[in-house]
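These notes are about the structure you will find just below.
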Amino acid sequence: MRSLSHQLIAWFVAIALVPLVIATVLTYLAAERALRREVTNGLYAIAKRQVTQLASYTRGRERDLTTLSRMPGTIEAMRDLAAALGPNGEWRPEHAASDRHHRPFLSYYLEALGYEDLHLVRPDGRVVFSADRPEIVGANLRADPHRQTGLGESFDRARTLMDLDVSDLEPYGEEGEVAAFLAAPVFEDTAFAGVAIVHVTDREILRILSDYTGLGDTGETLLDRRIGDDAVIVTPLRHAPDLPFTRRVAIGGAHGLPEQLAVQGQRGEGLSIDYAGRPVLAVWRYVPALGAGLVVKIGTAEAFAPIAHLKGLALLLAGASVILVVLAALSVARSIADPVVALTAATSHIAAGDLTRRVEVHSRNEIGQLARSFDRMTDELVRSIEDLRVTTAAKERIESELRVAHEIQMGILPKIFPPFPNRPEFDLHAILQPAKEVGGDFYDFLLFDDRELYFVIGDVSGKGVPASLFMAITLTLFRSAVTPGIDPASLLARLNRYLCTDNPSTLFVTVFCGRLDVRSGEVTFSNGGHNPPYHVQAGGSVMPLPGHGGTVLGILEDGTYGQGRVTLQRGDSLALFTDGVTEATNVAEEFYGEDRLQETLSAHDGAGAEELVAAAVADVRTFVGAAPQADDLTLLVLRYRGAA
């Protein structure tokens with residue numbers, strides 16, 4: 001064995017240095033990549049945090065304005081002030097009296113919600129109230145010079161779409177302050193009464209973007225909009241005195257690539273040259289809530305300073321390791337030969353699959369520890385193989401049970417369409433596609449006395465097996481709660497009491513229930529916290545049903561529910577859906593949204609129920625693309641053909 005020891009010494013010293021150098025280089029490169037990724041992930045985290053804060057701020061502003069536009073005081077003020085102002089915007093004494101009467105209420109909410117200004121505008125575009133700009137009262141926002149301002153454009157979009165509108169950030173006023181307008185339609189009952197418009201500044205947005213935590217001395221966050229062929233930076237710069245909207249980056253230019261890509265709706269990360277020609281590491285993404293691109297960047301020298309330090313440390317460690325390798329070869333080679341031969345023989349048997357073989361090495365040094373580790377590893381491997389077999393069998397059993405549960409759940413839903421082929425007065429079709437093997441959505445319909453058609457759609461909180469069980473309970477209780485002649489509000493109240501009786505898991509369900517009078521086309525309905533269905537009128541007009549109902553079911557046992565009515569004309573349809581339709585997301589994490597659903601329904605207004613369901617589902621699938629389904633998707637369409 002002396003010859004082997006000599007050879008070990010020679011070869012150990014000769015070849016150990018090459019792997020050592022390779023290992024050192026690979027370790028350095030891996031560590032460099034890890035540090036680079038850590039820095040990039042830090043920028044991603046900052047971008048995600050700021051996007052979340054910006055989206056939360058915008059949604060909060062939208063909710064506040066929606067609430068204000070629906071308050072009885074706002075509706076009353078809109079009605080009184082609109083009536084008091086002359087047809088062509090001329091001032092009348094009664095307008096001043098109405099202004100004094102309503103101003104305290106409007107000013108209180110303006111201050112409480114933190115808006116800069118509030119305008120109330122009649123449907124014809126005449127401003128009937130302004131909190132801070134009395135000179136604009138009577139002006140027509142549909143005419144010059146107001147028509148092409150942010151105020152006028154926000155009014156026009158809200159009036160056209162009959163929905164809340166958020167304008168782009170843009171300079172406003174003589175001081176060039178960056179601001180945006182939020183406009184929401186005001187309805188008195190179901191009649192369009194005007195538009196409420198609020199003015200918000202960028203102070204809260206700047207506060208969010210000015211948090212430079214984690215960005216060192218050279219980092220900053222930019223918000224930019226696409227205007228023409230330029231990406232225009234709309235926020236102040238950290239290291240430059242430029243005012244907002246003065247720094248422009250030409251799309252297609254050599255500098256400011258992150259800013260260019262962000263405003264074009266792209267997201268990514270990498271090394272680049274910023275708007276000032278400086279090398280930076282940046283991440284960028286698009287912020288739909290603001291219609292702008294977000295760029296988080298930091299100078300490359302500062303970002304990669306730890307990597308430069310790591311390089312010097314790696315060289316130092318490499319030199320020290322070479323010295324230790326040479327010294328270790330002299331002390332280890334003679335004591336390693338015999339145990340190595342025994343260890344090699346035993347491990348060869350183990351590698352060949354003989355897991356009963358044990359390593360017969362009794363040294364107390366590292367080779368002995370290695371031999372004992374091999375024995376323990378073999379024992380663990382035997383146990384792991386057995387555990388894997390048991391786990392695989394259990395997994396297959398669970399998957400089989402889930403498939404059976406899926407079949408059972410789908411089996412309790414109506415699945416034969418058309419369900420009432422002998423009833424020409426109406427057409428009905430529905431579809432449910434769970435996100436997992438089982439889900440929490442459901443639908444149902446029952447026909448009594450050939451006259452009353454009850455229909456329902458619901459969405460249980462949560463997903464998976466718990467939601468599917470609660471869905472089955474809810475559907476069963478619904479069928480037992482329905483009796484001929486019962487109105488939907490009473491039906492929901494009864495179903496809610498049933499669900500609250502024994503609900504230890506505190507699950508809840510949103511439910512929309514309606515009753516169609518087959519002969520007259522009148523639909524009475526009640527909504528328990530569910531998405532309002534769409535009324536698709538013959539001719540393509542689509543609008544949501546007004547909110548009549550109460551809270552979700554299964555939480556408050558004494559909950560009460562309101563009731564609404566709508567009469568379907570020949571060719572009209574009702575489209576009921578769960579949030580799995582409107583909140584379906586694509587790979588860019590964008591929502592399908594209610595606007596797109598309305599457009600699809602309007603484009604197929606003359607289609608039958610099955611065709612309308614198929615068109616809507618196909619459009620959702622086209623929008624989602626390769627993104628995984630995040631929630632159960634359920635859609636029910638009831639088309640009224642008229643009494644025979």
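A compact table of results
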item: Enumeration of residues in region 478-489 that are open to solvent by 20 Å² or more (accessible area, probe 1.4 Å) and out of contact with any strand residue (DSSP E or B) (no Cβ under 8 Å at 6 or more places or on another chain); result: 480, 483
item: Among (1) acidic (Asp, Glu); (2) out of contact with any Lys or Arg (no Cβ under 8 Å at 6 or more places or on another chain); (3) open to solvent by 10 Å² or more (accessible area, probe 1.4 Å); (4) over 29 Å from residue 81 (Cβ atoms) - the single one residue 224 does not satisfy; result: (3)
item: Residue 552 being of a type in the set (A, V, I, L, M), out of contact with any Phe, Trp or Tyr (no Cβ under 8 Å at 6 or more places or on another chain) and within 29 Å of residue 612 (Cα to Cα); result: no
item: Criterion: farther than 25 Å from residue 290 by Cβ, open to solvent by less than 40 Å² (accessible area, probe 1.4 Å) and of a type in the set (Gly, Ala, Ser) - qualifying residue of 152, 194; result: 194
item: Selected residue [under 20 Å from residue 428 (Cα atoms), open to solvent by less than 50 Å² (accessible area, probe 1.4 Å), among the hydrophobic types (A, V, I, L, M, F, W, C) and touching a residue at least 60 places away in the same chain (Cβ under 8 Å)] from 475, 492; result: 475
item: Complete set of residues in region 565-581 that are surrounded by 15 or more Cβ atoms within 10 Å (Cβ to Cβ) and out of contact with any strand residue (DSSP E or B) (no Cβ under 7 Å at 6 or more places or on another chain); result: 571
item: Residues located in region 436-473, provided they are among the aliphatic types (A, V, I, L, M) and closer than 29 Å to residue 518 by Cβ; result: 446, 447, 453, 456, 457, 471, 472
item: Residue count, region 83-107 (criterion: open to solvent by 20 Å² or more (accessible area, probe 1.4 Å) and under 44 Å from the mean Cα position of the chain (by Cα)); result: 8
item: Single condition residue 587 does not satisfy, out of (1) open to solvent by 40 Å² or more (accessible area, probe 1.4 Å); (2) at pLDDT 95 or above; result: (2)
item: For residue 292: the one exception among (1) closer than 30 Å to residue 164 by Cβ; (2) among the hydrophobic types (A, V, I, L, M, F, W, C); (3) modelled with pLDDT of 85 or more; result: (3)
item: Looking only at region 448-485, and only at residues there that are outside any helix (DSSP H, G or I) and among the hydrophobic types (A, V, I, L, M, F, W, C), the one that is farthest from residue 630 (Cα to Cα); result: 448
item: Hey, residue 97 touching a helix residue (DSSP H, G or I) at 6+ places or on another chain (Cβ under 7 Å) and small (Gly, Ala, Ser) or not; result: no
item: Residues (surrounded by 16 or more Cβ atoms within 10 Å (Cβ to Cβ) and over 18 Å from residue 443 (Cβ atoms)) located in region 603-614; result: 604, 605, 607
item: Only listed residue being surrounded by fewer than 21 Cβ atoms within 10 Å (Cβ to Cβ) and farther than 16 Å from residue 457 by Cβ, chosen from 547, 562; result: 562
item: Residue 553 vs. criteria open to solvent by 50 Å² or more (accessible area, probe 1.4 Å) and under 24 Å from residue 433 (Cα atoms); result: no
item: In region 410-429, residue modelled with the lowest pLDDT [restricted to those that are among the aliphatic types (A, V, I, L, M), surrounded by 14 or more Cβ atoms within 10 Å (Cβ to Cβ) and assigned to a loop (DSSP other than H, G, I, E, B)]; result: 412
item: Per-region count, region 430-443, residues crowded, with 21+ Cβ neighbours inside 10 Å and either without any contact (Cβ under 8 Å) to a residue 40 or more places away in the chain or assigned to a helix (DSSP H, G or I) (or both); result: 1
item: Residue in region 51-68 that is loosely packed, with under 15 Cβ neighbours inside 10 Å and of a type in the set (Asp, Glu) present; result: no
item: Selection within region 530-544 - buried (at least 19 other Cβ atoms within 10 Å of the Cβ) and under 22 Å from residue 67 (Cα atoms); result: 530, 531, 532, 533, 534
item: Residue satisfying all of: in region 547-580; under 27 Å from the mean Cα position of the chain (by Cα) and β-branched (Val, Ile, Thr); farthest from residue 537 (Cα to Cα) among these; result: 555
item: Matching residues in region 230-248 - criterion: being hydrophobic (A, V, I, L, M, F, W, C) and more than 29 Å from the chain's Cα centre (by Cα); result: 237, 240, 243, 245
item: Test for residue 175: is it acidic (Asp, Glu), at pLDDT below 80, closer than 25 Å to residue 114 by Cβ and exposed (fewer than 14 other Cβ atoms within 10 Å of the Cβ); result: yes
item: Boolean, residue 512 is among the aromatic types (Phe, Trp, Tyr), at pLDDT 90 or above and open to solvent by less than 10 Å² (accessible area, probe 1.4 Å); result: yes
item: One residue from 320, 305, 262 being of a type in the set (A, V, I, L, M, F, W, C) and crowded, with 23+ Cβ neighbours inside 10 Å; result: 262
item: Residue that is nearest to residue 168 (Cα to Cα) [pool: residues in region 57-78 that are at pLDDT 85 or above and among the hydroxyl-bearing types (Ser, Thr, Tyr)]; result: 66
item: Residue selected from region 108-147 under the condition aromatic (Phe, Trp, Tyr) and open to solvent by less than 60 Å² (accessible area, probe 1.4 Å), by the criterion farthest from residue 76 (Cα to Cα); result: 115
item: Enumerated strands (runs of 3 or more DSSP E) restricted to region 486-554, each holding at least 1 residues that are under 21 Å from residue 467 (Cα atoms); result: 509-517, 522-528
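The values are calculated or read from the model by the stated rules, or taken from the named source; none is laboratory data. The model shown is predicted, which means the values in this text are computed figures rather than measured ones. Cβ sites come from the backbone with ideal geometry, for glycine too, and all protein chains shown count toward neighbours. Side chains are part of the model used for accessible areas, which takes the heavy atoms of the whole protein and leaves out ligands, DNA and RNA. Shrake-Rupley method; radii C 1.70, N 1.55, O 1.52, S 1.80 Å.
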